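Asker: Mind looking over this structure? Questions follow.
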Amino acid sequence: MRPILYSFRRCPYAMRARLALVSAGLSVELREVVLRDKPAAFLQASQSGTVPCLTYQDKAHNKAIDESLDIMIWALQQKDPENWLAMPEHGWEWIARADGPFKTALDRTKYANRYPEADPVQQRELAGEFLADLNEQIGHWIFTTPSIADFAILPFVRQFAFIDKPWFDQQPWPDLQAWLNRFLTSHTFERIMPKYPQWSPDQPAVLFPSQTGAEPPLS
């Protein structure tokens, strides 16, 4: 039975799950969730009620993975043709910084009305401190070759950049900006971003990635 991925196109967490599935060459049934109208099957599968959520059968048991990074690791443990898991150990520290302090500052910059106690200008500066450090780390990739760190972090840098793209483009982060631009113009990004209709139980299964032939790796 094919795994099922509950996803939302623009969610950076769902994006990184889809990136790992594409890299691994795994095919899933994609179910696009509209967050204001979550289907019962999704809420039954996901303990958190948030996307992404991957369900699959392991022997005779139904299992669900409810965290995006865990979905990435699961997919790459099945197949890892681009060796994304072969990264230095401190790559996990970069991911933790992105998922923790950077994402906190990103949210308080992008959704300032939800956090009236936070100063959005100060939060943007805090996010920028992480991005300045990341710019210093990046050559063509965060490490010598593409890794899970790149693709776990890129969707969130994209989200931050488009809060105010002219401001972002003016920052002294040339390697970070080039890294993001390569991602945004890649076949891989195009492949994970098709628009899908809202899933309903009576519609035909939608396969992801689309079965239109292989795309070259981002590297």
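Asker: Could you do me a favour and compute the accessible area per residue for the range 1-151, 1.4 Å probe, result in Å²?
Answerer: Roughly 50 Å² per residue, with all protein chains present.
Asker: Can I ask one more? At a 1.4 Å probe radius, carbon and sulfur cover how many percent of the accessible area of the range 45-114?
Answerer: Carbon and sulfur: 46 percent of the exposed surface of the range 45-114.
Asker: What do you get for the angle between helix 12-24 and the principal long axis of the chain? Use alpha-carbon atoms, 0 to 90 degrees, nearest ten.
Answerer: Approximately 60 degrees, to the nearest 10.
Asker: To the nearest 20 debye, what is the magnitude of the charge dipole of the range 46-150 about its Cα centre, counting +1 on the Cβ of each Lys and Arg and -1 on the Cβ of each Asp and Glu?
Answerer: Value, rounded to 20: 380 debye.
Asker: Along the range 118-128, what does the Karplus equation 6.51 cos²θ - 1.76 cosθ + 1.60 (θ = phi - 60°) give for ³J(HN,Hα), rounded to whole Hz, x for Gly and Pro?
Answerer: Once θ is set to phi - 60°, the couplings for the range 118-128 become 9, 8, x, 5, 5, 5, 5, 5, 5, 4, x Hz.
Asker: A further question on this structure: Taking amide H atoms as placed 1.01 Å from N in the peptide plane, list the residues 5 or more away in sequence, or in a different chain, whose amide H sits under 5 Å from that of Arg31.
Answerer: Leu5, Tyr6, Ser7
Asker: HN-Hα J couplings of the range 151-167 from phi, Karplus 6.51/-1.76/1.60, θ = phi - 60°, integer Hz, Gly and Pro as x?
Answerer: 8, 7, 9, 3, x, 7, 5, 4, 4, 5, 4, 8, 4, 8, 4, x, 4
Asker: Could you please state, rounded to a whole Å, how far the C-alpha centre of the range 111-175 is from the C-alpha centre of the range 1-16?
Answerer: 22
Asker: Per DSSP H run of at least 4 residues, take -39500 (n - 2.57); add these up for the chain, divide by its residues and hand me the 222 nm value, nearest 500 deg cm²/dmol.
Answerer: Estimated from H runs of four or more residues: -13000 deg cm²/dmol.
Asker: Considering only protein heavy atoms and a 1.4 Å probe, what is the carbon-and-sulfur percentage of the accessible area of the range 123-175?
Answerer: 48
Asker: Right, next: Show me, for the range 73-82, the HN-Hα J-couplings you get by feeding each phi into the Karplus relation (A = 6.51, B = -1.76, C = 1.60, θ = phi - 60°), rounded to Hz, glycine and proline as x.
Answerer: My calculation for the range 73-82 gives 5, 4, 4, 6, 6, 6, 8, 9, x, 9 Hz in order.
Asker: Let me know the shape class of the range 10-159, please: from the alpha-carbon gyration tensor, a ≥ b ≥ c as square roots of the eigenvalues, rounded when a/c is under 1.5, otherwise prolate if a/b is greater than b/c, or oblate.
Answerer: oblate
Asker: Return the loop-located GluC sites (Glu not before Pro) in the range 43-122 (DSSP other than H, G, I, E, B) with at most 10 other Cβ atoms within 10 Å of their own Cβ; answer none if there are none.
Answerer: Those satisfying the criteria are Glu89, Glu117.
Asker: Along the principal axes of its C-alpha atoms, what lengths does the range 79-167 span, in descending order and rounded to whole Å?
Answerer: Result, largest extent first: 44, 23, 19 Å.
Asker: Go through 151-158, 35-42 and give me the packing order, highest mean Cβ count within 10 Å leading.
Answerer: The densest-packed peptide leads the list: 151-158, 35-42.
The values are calculated or read from the model by the stated rules, or taken from the named source; none is laboratory data. Fair warning: this is a prediction, and the values are worked out from it, not measured in the lab. Cβ atoms come from the backbone with ideal geometry, glycine included; neighbour counts cover every protein chain shown. Keep in mind that these areas ignore ligands, DNA and RNA; they rest on the heavy atoms of the full protein, side chains included. Shrake-Rupley method; radii C 1.70, N 1.55, O 1.52, S 1.80 Å.
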